[in-house]
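The values are calculated or read from the model by the stated rules, or taken from the named source; none is laboratory data. Since the structure is predicted, the reported quantities are computational estimates derived from the model, not experimental observations. Counting neighbours? That spans all protein chains shown, and the Cβs are built from the backbone with ideal geometry, glycine included. Side chains included, ligands, DNA and RNA excluded: accessible areas come from the protein's heavy atoms. Shrake-Rupley method; radii C 1.70, N 1.55, O 1.52, S 1.80 Å.
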Amino acid sequence: MSANGDTRTESRSGLAALVRRIHFYAGMFIGPFLLVAAVTGALYAVAPTMESVVYRDIMRVSESDSSQPLAEQVRAAHAEHPDLPIAQVWPSSEPGETTRVLLSDDTVGESRLRSVFVDPGTAEVVGDEPTYSGLGELPLRYWISGLHKDLHLGDSGALYSELAASWMWFVALGGAYLWWARTKSLKASLRGVPATTRGSRKRLMNWHGAAGAWLLVAMIGLSATGITWSNVAGQNVSATVEALNWKAEPIYTDLATSSSGSSKPVGPEEIAEQSDRVLAAAREEGLTGSVRLFPGEDTATAWQASERWVPYRLGSDAVSIDGESGAVVDRLPFSQLPLFSRLTSWGIYLHMGIMFGLPLQIILCLAALAMAGLVITGYVLWWKRRPTPGAPAGIPGPRVQLSLRDWMCIAVFLAVVGTFLPLFGASLVAMLVVDQILLRRARSERDMARRGREEPEVEDIPATV
């Protein structure tokens, strides 16, 4: 080591020290976004159960020994809004569950529907509500979903959740590495020292690191699935999936080859008449539990029937059926979808708390609250060791300079990950710039202090006459 003590630190990589500093910067400046995403995510996790409780009066009815034909239920629902076309039919799949008929309603909003709920035992309408997304979200759950996704601010608000999702995996991995490295060094330094003398900050830091390590898988999973829904990075995900041919082909519904070549619109009465036939054919093909039926747009288009994603369902098979004859046109088993499509489906329905019902929702809610706790404890740790007036620039970790090889690694990382996740890349560049400014400032202050110590004192020389 040289006299100034810098040779050893300059000869090693500065990436480890940089990870510590970026973890600190991300906690300071991305932390608020992560905190909001965690708190709203905890609410979002239990939204399906909240929906089933709040709307129980229209989603559930008294069990009946008999059931009216599905056609009668569809007719009853359409009679409530005779001017609205029928978009989907969700037949009751268990005693006490209502049948849901979804109607296209422009007054609800673009790509949104109106659900009419029918008692399958009496074919009487028990209520109707606006419905959002393919999951049939009712107003309460849709409001919670919008709060979590974009704070009800539209595309500009969606940037907050995308920024949080883009950074969560990096913060989780970086924190796990720092906790692992710190644990090794603390085992030796704290050996034989009573726990009561170790300090509240160290105990809090140990909890912060251990909790982050336990939440590692959840944070990475939620980050990955959240990115697929984002506006900017989500487009990159879609483009990548199409380029690698990982996207599932849509089910075949064309009936033109089996008809006279002409087609005409299918009216509500025809849809009602065909619904029982289509449901029976779907059951014969092995579709179980709750299903969705999509009428064809015209007589040259087959119906689609697919299994709904409900608790404890691990796949969703689909078939297309000729509404007039009940013949099966095409099959799309979930097991034959591309692996990425299946992984995406599992990830999405795990993220939404649907796949395993209430137990999963409780786990997700607790995990989200723990993530919020990580952000809060991170700020507490900073406050306990915050910069004081007159102190050097508050940069955590050792001041190890980045070598040329380090900068090359950073450039490659930014080119790949930063391009795929633009908000992450742009904010990381900003942090690197700030980091270099602070490092130069700290180095300048250190050099000035060193020169002040090395300058010889000048003795006062008495004036002579």
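The stretch between Leu216 and Arg446 holds 79.0 nm of extra length on full extension. This uses 0.36 nm per residue minus the Cα-Cα distance. Note on Asp298 and Phe420: the extension gain reaches 39.8 nm, defined as 0.36 nm multiplied by sequence separation minus the Cα-Cα distance. Each Lys or Arg adds one and each Asp or Glu subtracts one; over the other residues with Cβ under 14 Å from the Cβ of Leu350, this totals +2. Phe356 contributes about 80 Å² of solvent-accessible surface, heavy atoms of the protein only, 1.4 Å probe. One decimal place: the segment Ser93-Asn206 gains 35.7 nm when fully extended, by the rule 0.36 nm per residue minus the C-alpha distance. Here each label is just a point 7 Å from Cα along the line to Cβ, and for Glu273 and Glu124 those points are 2.9 nm apart. Using R0 = 30 Å, the C-beta based FRET efficiency linking Val310 and Thr240 works out to 0.50. Taking only the Cα atoms of region 244-359, the ratio Rg/Rh comes out at 1.03, with Rh defined as the Kirkwood radius. Based on every Cα atom in the chain, Rg and the maximum pairwise Cα distance Dmax equal 30.5, 126 Å.
The separation of region 52-93 from region 291-306, counted between C-alpha centres, amounts to 18 Å.
Counting every alpha-carbon pair across region 195-252, the share separated by more than 13 Å comes to 74%. Computed over the alpha carbons of region 78-151, Rg followed by Dmax gives 13.0, 41 Å. In units of the compact-protein estimate 2.2 N^0.38 Å, region 1-157 shows a Cα radius of gyration of 1.75.
Between Cys409 and Leu339, the simple label model (points 7 Å from Cα in the Cβ direction) yields a spacing of 2.8 nm. On a per residue basis, region 17-57 carries 41 Å² of accessible surface, using protein heavy atoms and a 1.4 Å probe.
Using the Cβ-Cβ distance between Met28 and Asp65 with R0 set to 56 Å, the FRET efficiency works out to roughly 0.30. Per-residue ellipticity at 222 nm, computed for the chain from helices alone with -39500 (n - 2.57) per DSSP H run of at least four residues, works out to -17500 deg cm²/dmol.
Once the 1.4 Å probe is applied to the protein heavy atoms, region 91-169 comes out at 40 Å² accessible per residue. Applying a length cut-off of 30 Å (Cα extent along the axis) and a mean Kyte-Doolittle floor of 1.6 to the DSSP H helices of the chain leaves 357-384. From the residues Phe294, Val237, Ala305, which one has its Cα farthest along the dipole of the chain in the positive direction, the dipole being from +1 and -1 charges on Cβ of Lys/Arg and Asp/Glu about the Cα centre? Of the options given, the answer is Val237. With a Förster radius of 22 Å applied to the beta-carbon distance between Leu151 and Ser104, the computed FRET efficiency rounds to 0.15. Protein heavy-atom surface of region 1-136, 1.4 angstrom probe: 51% of the accessible area is carbon and sulfur, with nucleic acids and ligands not counted. Pairs of Cα atoms nearer than 8 Å and 6+ residues apart set the relative contact order; for the chain it is 20 percent. Rolling a 1.4 angstrom probe over the protein heavy atoms with all chains in place gives region 243-350 an accessible area of 53 Å² per residue.
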